[in-house]
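Before any comments, here is the structure.
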Amino acid sequence: MQSPWWEDYGIKDRYLCHDKGMLVIERNQSQASMISGGYRRTFFRLQSNEPGVRYSSDGMEMILRGDELTLEQLPMRIQCLRVDQV
């Protein structure tokens, strides 16, 4: 599955998550798309003083810090590690 060209995602990374397996994050400065198992979810960039690059979608937050990705929808928290760039 790939995003439409008009969304212009310049960065595409693959992450390995403990409970979810492999997923792909496509992103730009304004939004991000999480692709997993044929399912896509769009997140929008948050302005925050907290560490990392943050995106949000319907109560779920995506936090990128270096090679680490955290998906948070409290009380659930999933940790993932970047394995390569797509």
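The values are calculated or read from the model by the stated rules, or taken from the named source; none is laboratory data. Note that the structure is a prediction, hence the values are computed from the model and not measured. Note that each Cβ is placed from the backbone with ideal geometry, even for glycine, and that neighbours are counted across all protein chains shown. Surface accessibility is based on the protein's heavy atoms, side chains included, excluding ligands, DNA and RNA. Shrake-Rupley method; radii C 1.70, N 1.55, O 1.52, S 1.80 Å.
Among the residues making up region 12-39, those that are touching a residue at least 24 places away in the same chain (Cβ under 8 Å) and either assigned to a loop (DSSP other than H, G, I, E, B) or over 17 Å from Cys80 (Cα atoms) (or both) are His18, Asp19, Lys20, Gln31, Gly38. Within region 54-68, being of a type outside the set (Asp, Glu), out of contact with any Gly (no Cβ under 7 Å at 6 or more places or on another chain) and free of Cβ contacts under 8 Å to residues at least 24 places away in the same chain holds for Arg54, Ser56, Ser57, Gly59, Met60, Gly66. Taking region 1-40 as the search range and keeping residues that are aromatic (Phe, Trp, Tyr) and surrounded by 15 or more Cβ atoms within 10 Å (Cβ to Cβ), which one is modelled with the lowest pLDDT? Among residues in region 1-40 that are aromatic (Phe, Trp, Tyr) and surrounded by 15 or more Cβ atoms within 10 Å (Cβ to Cβ), the one modelled with the lowest pLDDT is Tyr9.
Scanning region 46-84 for residues that are of a type in the set (Lys, Arg), open to solvent by 60 Å² or more (accessible area, probe 1.4 Å) and in contact with a Lys or Arg (Cβ under 8 Å, 6 or more places away or on another chain) returns a single hit, Arg82.
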